[in-house]
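Step one of this worksheet: look at the structure below.
Rule-based calculations on the coordinates, nothing more; no lab input. Source: prediction; values computed, not measured. All Cβ positions, glycine included, derive from the backbone under ideal geometry; neighbour counts span all protein chains shown.
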Amino acid sequence: MILNPPLRDELESTVIATPRLRTHTLMHGPANGEAVILVHGNASAARFSEELMVAMPAHYWVIVPDE
């Protein structure tokens with residue numbers, strides 16, 4: 001996925017696919033860390049949480065699903 005402006009280097013952009021749907025997701029931190037899922041509302045996107053994601057303590061695996 002091409003994002004404009006570019007995604008912060010510290011974040012991972014991925015698509016989680018199941019037989020029923022595909023969801024774009026941003027992630028930050030160690031995959032074996034304590035998972036924290038941030039859910040946004042209104043008409044915002046996962047990118048709204050970028051600054052919060054990189055500010056979280058390093059032991060968290062922060063996951064933000066997109067719309």
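Here are some notes:
- Filter result for the condition that a residue is over 17 Å from residue 5 (Cβ atoms) and under 11 Å from the mean Cα position of the chain (by Cα), over 19, 65: 65
- Tally, over region 32-53, of residues that are surrounded by 10 or more Cβ atoms within 10 Å (Cβ to Cβ) and either under 11 Å from residue 64 (Cβ atoms) or aromatic (Phe, Trp, Tyr) (or both): 13
- Among the residues making up region 32-57, those that are without any contact (Cβ under 8 Å) to a residue 24 or more places away in the chain and not in a helix (DSSP H, G or I) are 41, 42, 43, 44, 45, 57.
Residues checked against (1) part of a loop (DSSP other than H, G, I, E, B); (2) out of contact with any Cys (no Cβ under 6 Å at 6 or more places or on another chain); (3) surrounded by 12 or more Cβ atoms within 10 Å (Cβ to Cβ); (4) without any contact (Cβ under 8 Å) to a residue 40 or more places away in the chain:
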site: 15; (1), (2), (3), (4): no, yes, no, yes
site: 19; (1), (2), (3), (4): yes, yes, no, yes
site: 30; (1), (2), (3), (4): yes, yes, no, yes
site: 64; (1), (2), (3), (4): no, yes, yes, yes
